[in-house]
Amino acid sequence: MTTGNTTRAVLVGVDFGKGDFAASLDELSLLSRSAGAEPVTTVTGRRASPDAALFVGSGKADEIAEAVADLDLDLVIFDHPLSPAQQRNLERHLKIRVVDRTSLILDIFAQRAQSHEGKVQVELAQLQHLATRLVRGWTHLERQKGGIGLRGPGETQLETDRRLIGERVKALRAKLGKLHRQRVTQRRARGRNSAFSVSLVGYTNAGKSTLFNHLTKAGVYAANQLFATLDTTSRRVYMGEVGNVVVSDTVGFIRDLPHQLVAAFRATLEETIHADLLLHVVDAASPARLDQIEQVNLVLKEIGADHIPQILVYNKIDMAGLDPGLERDEYDKIQRVFISAQTGSGVDLLRQAVAESAKAAIAEPPMGDEREHQELKH
């Protein structure tokens with residue numbers, strides 16, 4: 001999204017009276033910075049429902065246009081998904097590029113994907129997003145090709161674009177299928193070694209990678225930005241009397257994650273589905289933490305991982321003014337652990353919690369084969 005200099009952007013948010021509007025705008029600002037843009041100003045408004053043509057209505061669109069002209073901005077970023085028609089109308093009205101929340105998240109994912117599988121998944125998600133833009137938008141391409149040397153097989157440009165996207169999507173899906181089968185084979189081999197497996201899940205920027213590094217000494221990239229981790233990384237960690245435990249770091253979740261991305265990253269998140277225990281990392285210092293816990297649980301349900309035992313790990317206690325500790329439920333099972341991955345405070349209690357869960361799981365029959373059988377049926 002950026003070329004050379006930082007892209008100067010205006011953020012646009014509309015309060016429809018649902019959810020935490022301020023937290024959503026803060027998140028948009030962090031998303032924009034993560035994509036390489038500099039949020040210079042914010043334009044907000046209140047509406048009962050989106051305007052069909054411009055999403056924000058003509059008066060608010062004029063206000064955005066003024067901000068763009070006055071501050072010499074390069075980009076408008078909306079904190080909402082826009083329809084292809086709304087995006088096109090806004091770009092005509094504002095005479096500047098308009099990006100919605102979905103495109104912004106896709107852009108960050110495209111910048112961050114490291115592994116071959118991650119890159120394939122991002123491209124697939126981007127093409128699926130683009131295909132929706134082609135179906136109802138881009139009518140200016142709806143012209144017959146013609147002229148000497150340009151006479152095609154009678155397709156319009158739009159049909160050609162659709163066909164090429166369709167073929168590429170098919171090829172990417174086949175490639176992901178192959179990678180998926182390799183992953184299942186690797187998991188089976190791991191399963192035979194039957195190490196207890198733990199997945200770190202949580203809202204983006206909750207501190208999963210910092211905790212992963214602390215537990216495994218892995219040196220995985222961790223930064224105070226959204227989606228610093230896209231590819232699942234797994235490491236073996238020795239946990240005393242329970243032996244080796246496989247710990248996996250996963251992509252962070254976010255509210256209103258584009259559904260193309262949930263689908264595309266299903267394979268990456270499959271490590272989560274096959275874990276024996278989820279460590280749900282929560283930013284204890286975030287005022288939106290309860291909403292974030294709910295959003296993560298929604299995605300876990302969507303990918304079929306809501307049945308896996310979960311321990312809530314309240315991270316960043318140093319910033320929240322809390323003490324390290326752990327809480328148990330009425331059955332004496334550890335339910336919450338309070339830690340700081342940054343300072344290491346309370347991490348020994350988390351190790352104790354994982355070891356305790358591993359001990360309990362060894363006493364129970366494994367569910368892995370049944371899950372794999374279910375998965376291969378799909």
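Has the stretch 366-376 got at least one residue that is more than 20 Å from the chain's Cα centre (by Cα) and either polar (S, T, N, Q) or modelled with pLDDT of 95 or more (or both)? Scanning the stretch 366-376, I find at least one residue that is more than 20 Å from the chain's Cα centre (by Cα) and either polar (S, T, N, Q) or modelled with pLDDT of 95 or more (or both), so the answer is yes.
For the stretch 324-350, which residues satisfy the criterion of being within 14 Å of Thr210 (Cβ to Cβ) and without any contact (Cβ under 8 Å) to a residue 60 or more places away in the chain? The answer is Ser340, Thr343, Ser345, Gly346. Restricting attention to the stretch 290-305, the residues that are open to solvent by less than 90 Å² (accessible area, probe 1.4 Å) and either among the hydrophobic types (A, V, I, L, M, F, W, C) or out of contact with any Phe, Trp or Tyr (no Cβ under 7 Å at 6 or more places or on another chain) (or both) add up to 9. Residue-level check: of (1) touching a strand residue (DSSP E or B) at 6+ places or on another chain (Cβ under 6 Å); (2) surrounded by fewer than 21 Cβ atoms within 10 Å (Cβ to Cβ); (3) at pLDDT 90 or above, Ala48 misses just (1).
When restricted to residues that are in contact (Cβ under 8 Å) with a residue 40 or more places away in the chain, of a type in the set (A, V, I, L, M) and open to solvent by 40 Å² or more (accessible area, probe 1.4 Å), the stretch 29-45 contains 1.
If you go through the stretch 306-323 and keep only what is without any contact (Cβ under 8 Å) to a residue 40 or more places away in the chain and touching a helix residue (DSSP H, G or I) at 6+ places or on another chain (Cβ under 6 Å), you end up with just Asp306.
Yes or no: Arg173 at pLDDT below 75, at negative phi, open to solvent by 40 Å² or more (accessible area, probe 1.4 Å) and part of a helix (DSSP H, G or I)? So Arg173 fails the test. Screening the candidates Asn193, Asn244 for the property of being farther than 25 Å from Leu25 by Cα, out of contact with any helix residue (DSSP H, G or I) (no Cβ under 8 Å at 6 or more places or on another chain) and at pLDDT 80 or above yields one hit, Asn244.
Does Glu117 satisfy the criteria of being touching a Leu at 6+ places or on another chain (Cβ under 7 Å) and among the acidic types (Asp, Glu)? Answer is yes for this residue.
Considering the stretch 328-346, and only residues there that are open to solvent by 70 Å² or more (accessible area, probe 1.4 Å) and part of a strand (DSSP E or B), the residue that is farthest from Asp20 (Cα to Cα) turns out to be Arg328.
Residues that are basic (Lys, Arg) and modelled with pLDDT under 95 within the stretch 283-327 comprise Arg289, Lys301, listed in sequence order. So is Gln182 at pLDDT below 85 and either touching an Asp or Glu at 6+ places or on another chain (Cβ under 6 Å) or closer than 30 Å to Thr233 by Cα (or both) or not? The answer is yes for Gln182. Would you confirm whether any residue within the stretch 94-110 is under 24 Å from Gly17 (Cβ atoms), surrounded by fewer than 21 Cβ atoms within 10 Å (Cβ to Cβ) and free of Cβ contacts under 8 Å to residues at least 40 places away in the same chain? No, that holds for no residue. For first residues located in the stretch 57-86 and on the phi > 0 side of the Ramachandran plot and free of Cβ contacts under 8 Å to residues at least 24 places away in the same chain, partners that are of a type in the set (Gly, Ala, Ser) and assigned to a strand (DSSP E or B) and lie 6+ apart or on another chain with Cβ distances below 8 Å form the pairs Gly57/Gly45.
The values are calculated or read from the model by the stated rules, or taken from the named source; none is laboratory data. Only a predicted model underlies this, so the values are computations on that prediction, with no experimental measurement involved. Note: ideal-geometry Cβ built from the backbone for every residue, glycine included; neighbour counts use all protein chains shown. All accessible areas refer to the heavy atoms of the entire protein, side chains included, with ligands and DNA or RNA removed. Shrake-Rupley method; radii C 1.70, N 1.55, O 1.52, S 1.80 Å.
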